[in-house]
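Read through the structure below, which is laid out as structure tokens, and then see the notes.
The values are calculated or read from the model by the stated rules, or taken from the named source; none is laboratory data. Quick caveat, the model's predicted, so the values are computed rather than measured. Backbone-built Cβ (ideal geometry, glycine too); neighbour counts: all protein chains shown.
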Amino acid sequence: MSEEINDALRRYAERVQSLRDQFQKWNEVEVKRYLIEPLLTALLWNTTDPNFVRYEFPVTMGSETRKVDYALMSGDTPICVVEVKAGELDEVAARQALSYARNLDVPWALVTNGQRVCLYGIEFYTSENVMNALVMDIEISPDSIDASLDSLKYLTNGTLDSEEVYNVFKAFNERRALLVFLQSKKDILVKEVIAKWIEEHWDKGSVNEASLLVSLESVFGRIERVEKKLVERQAPTTRTTVASDWKYRRDLGTGIFELKADSAKRINVSLSGPEVERQLEKLGLRTSTTSAFGGFYWNLRREAGLIKRR
């Protein structure tokens with residue numbers, strides 16, 4: 001995620017802090033206007049463009065038509081419903097958003113009051129258990145925003161509908177489900193499996209359960225740190241880019257954009273998609289995934305007037 005987006009989210013966190021005394025008294029309409037729309041804007045969702053954000057999006061539920069507060073769009077296709085609440089978020093709000101998303105066949109449901117952001121995945125909504133579907137739960141504040149930036153980047157326009165996001169949350173959901181299962185079986189695992197194995201293979205006999213738990217935590221913590229270092233060493237040198245990293249240079253010709261951080265790097269989006277991808281590759285840049293390139297290419301072509309506004 002570009003530093004520009006990071007800065008916008010930090011400013012938003014400061015906004016939440018400065019308005020904290022006021023929004024406790026706000027109704028839902030005020031929360032939408034003064035918190036949710038600035039948050040969507042920070043995440044690159046243009047709230048004035050119906051190609052990106054639709055208000056009061058209709059949802060057919062049986063013989064009844066209801067309206068979700070916002071639908072985040074990819075052209076004419078909604079990819080995420082946003083349900084806004086004034087005050088604390090609860091399971092009722094989550095179920096409502098999930099039912100809207102399910103009826104619209106939309107993969108993601110976002111529930112927020114502006115200071116807390118909860119994202120749910122429809123695919124993971126099994127046994128009607130809301131917690132099964134939860135893939136993100138972030139409290140936004142100046143103190144915690146830097147630690148949340150990497151997670152919030154998945155909500156940005158051009159990224160939320162990418163294959164990368166789906167894979168990240170699918171893996172997270174699987175790990176979370178496994179963790180819940182292991183926690184429910186912890187006593188059996190420690191006493192009947194791990195302790196027994198140690199007694200059979202360790203020449204010092206039985207082991208104290210408390211010492212075993214501390215030792216396991218140290219061992220697996222060490223493994224996680226080693227894995228993290230390996231990932232960092234293997235990370236590609238190619239930098240990820242998003243549409244907001246680029247400035248349209250109309251004076252240089254139709255479709256010409258230059259990188260804001262380096263004016264010597266330019267691309268021409270009037271050319272075909274594969275050709276633009278090759279241009280990025282030569283500059284040492286890429287989008288997060290192949291799917292994300294589609295949104296990147298569409299956004300820049302639209303800004304250059306190569307795609308007609310609806």
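Odds and ends about this structure:
- Qualifying residue in region 12-25 (condition: surrounded by 15 or more Cβ atoms within 10 Å (Cβ to Cβ), closer than 20 Å to Leu110 by Cα and of a type in the set (A, V, I, L, M)): yes
- Of all residues making up region 33-56, the number that are farther than 22 Å from Arg116 by Cβ and touching a Leu at 6+ places or on another chain (Cβ under 9 Å): 3
- Residue within region 196-212 that is polar (S, T, N, Q), at pLDDT below 80, surrounded by 11 or more Cβ atoms within 10 Å (Cβ to Cβ) and not in a helix (DSSP H, G or I) present: yes
- When the residues of region 74-94 are filtered to those that are assigned to a strand (DSSP E or B) and of a type in the set (A, V, I, L, M, F, W, C), the one that is surrounded by the fewest Cβ atoms within 10 Å (Cβ to Cβ) is Ile79.
- Here Asp161 meets the list (1) within 12 Å of the chain's Cα centre (by Cα); (2) farther than 28 Å from Leu35 by Cα; (3) not polar (S, T, N, Q) almost entirely, failing just condition (2).
- Evaluation of Pro38 against (1) in a loop (DSSP other than H, G, I, E, B); (2) of a type outside the set (Ser, Thr, Tyr); (3) over 21 Å from Tyr125 (Cα atoms) (one fails), failing number: (1)
- Screening the candidates Ala97, Ala71 for the property of being part of a strand (DSSP E or B), closer than 22 Å to Asn157 by Cβ and under 17 Å from the mean Cα position of the chain (by Cα) yields one hit, Ala71.
- Criterion applied to Glu37, Glu14, Glu64 was being out of contact with any strand residue (DSSP E or B) (no Cβ under 6 Å at 6 or more places or on another chain) and either polar (S, T, N, Q) or touching a residue at least 40 places away in the same chain (Cβ under 8 Å) (or both), and the one residue passing it is Glu14.
- Of all the numbered requirements in (1) buried (at least 18 other Cβ atoms within 10 Å of the Cβ); (2) in contact (Cβ under 8 Å) with a residue 60 or more places away in the chain, Asn51 misses one, and that requirement is (1).
- From Ser184, Ser151, Ser99, residue being without any contact (Cβ under 8 Å) to a residue 60 or more places away in the chain, out of contact with any Pro (no Cβ under 8 Å at 6 or more places or on another chain), of a type in the set (Gly, Ala, Ser) and under 25 Å from Ser2 (Cα atoms): Ser151
- Residue satisfying all of: in region 123-177; closer than 24 Å to Glu88 by Cβ and of a type in the set (D, E, K, R); surrounded by the most Cβ atoms within 10 Å (Cβ to Cβ) among these: Arg176
- Residue within region 213-220 that is modelled with pLDDT of 85 or more, out of contact with any helix residue (DSSP H, G or I) (no Cβ under 6 Å at 6 or more places or on another chain) and on the phi < 0 side of the Ramachandran plot present: no
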